[in-house]
Amino acid sequence: MAYTVTIGATRCHILSDGLHRADGGGFFGLVPRTLWSRTITPNDDNQVPCDARCLLIEAENRLILVDTGNGDKMTEKQRSFIGLPNRDERLIGELRRVGFEPDDIDLVVMTHFHGDHIGGNTRFGADGETVIPTFPNALHIAQRIDLAEASFPNERTRATYDSRNWEPLMEAGRLEIVDGPQQVDRVLRTEISPGHTQSIQVIWVEDGGESLCFLTDACSWAVHMDRLAWVPSFDLDPMTSIETKRRLRFETMRCNALLVFQHDPCVVTGRLVPGKRDPVVAPEITEDAWFDPTE
């Protein structure tokens, strides 16, 4: 479901590339299932619901999309295995429901190179084999170190990368590699927030004294902001991940930023408020988890 929020005078659309199933151990790491299952109920295969949200920003002179979800290059078997909806119910359909077409996108910001975040960068062409850019008029920007990690993966990370998600952009001259935090637009900047990957980018929208922080996998569920020790096993550097979230707590609470959680199936947005000991997320936009644990 798409949601529209306004930060100052800037309209931001929170879009989804589809709810699907993911392994609970991936999001909760070493935390015992008896603890994390109080937050979300898994099915018999230890799977939990997971969203794949993207952010569309109507900047002053261009349309900016942050991340593109899983995309449509999966086989039917792969898509069915995680329960991913068909294309019309996902990012492209939601983009159209808020009044835009793929050709309208001027810039795509890639937070990092994992397939569930940039799989939608490219799609199959009319012949069903050639891979072409999904957003043909858009420049795509990404971090140098993340590109290096994706281009030369190891045994642990190999399955998370697919070069078809970025090589066609290189060939089309539509990929710009940057190094470090960027002031992308007057209202949009990126901040390197390592832990999940070495140079994952968190997105800030700032306008009129208001702030939105699109946390991506630096903090993919609201409970990860509440409980810093609950480090996902997806995070390559767990201790750095904890310190990154501690810093993000301070920064986002100081400016009362609206937090957008990319993978949380229930909490779409929220703000940090004082808790008994540490800050906690007060949800603002929420959804009912679609997931039936008996499936």
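The values are calculated or read from the model by the stated rules, or taken from the named source; none is laboratory data. The structure presented is a predicted model; accordingly, all values stated were derived computationally and were not measured. Every residue, glycine as well, gets a Cβ built from its backbone with ideal geometry; the counts of neighbours run over all protein chains shown.
Quick grid of which residues meet (1) of a type in the set (S, T, N, Q); (2) without any contact (Cβ under 8 Å) to a residue 40 or more places away in the chain; (3) out of contact with any Leu (no Cβ under 8 Å at 6 or more places or on another chain):
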residue	(1), (2), (3)
221	no, no, yes
231	no, no, no
235	no, no, yes
244	yes, no, yes
250	no, yes, yes
254	no, yes, yes
260	no, no, no
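If a residue has to be assigned to a strand (DSSP E or B) and within 17 Å of the chain's Cα centre (by Cα) to count, how many in region 236-285 make the cut?
Of the residues in region 236-285, 8 are assigned to a strand (DSSP E or B) and within 17 Å of the chain's Cα centre (by Cα).
Take the conditions over 27 Å from residue 287 (Cα atoms), touching a Pro at 6+ places or on another chain (Cβ under 8 Å), at pLDDT 95 or above and not aromatic (Phe, Trp, Tyr) and apply them to residue 200. Does it pass?
Spelling it out, it is not the case that residue 200 is over 27 Å from residue 287 (Cα atoms), touching a Pro at 6+ places or on another chain (Cβ under 8 Å), at pLDDT 95 or above and not aromatic (Phe, Trp, Tyr).
Among the numbered criteria (1) in contact with a helix residue (DSSP H, G or I) (Cβ under 6 Å, 6 or more places away or on another chain); (2) assigned to a loop (DSSP other than H, G, I, E, B); (3) surrounded by fewer than 20 Cβ atoms within 10 Å (Cβ to Cβ); (4) among the hydrophobic types (A, V, I, L, M, F, W, C), which single criterion is violated by residue 177?
Unmet for residue 177, out of (1) in contact with a helix residue (DSSP H, G or I) (Cβ under 6 Å, 6 or more places away or on another chain); (2) assigned to a loop (DSSP other than H, G, I, E, B); (3) surrounded by fewer than 20 Cβ atoms within 10 Å (Cβ to Cβ); (4) among the hydrophobic types (A, V, I, L, M, F, W, C): (2).
Within region 120-155, can you find the residues that are over 20 Å from the mean Cα position of the chain (by Cα), touching a residue at least 24 places away in the same chain (Cβ under 8 Å) and part of a loop (DSSP other than H, G, I, E, B)?
Passing the criteria: 136, 137.
Out of curiosity, is residue 49 buried (at least 18 other Cβ atoms within 10 Å of the Cβ), under 17 Å from the mean Cα position of the chain (by Cα) and touching a residue at least 60 places away in the same chain (Cβ under 8 Å)?
Yes.
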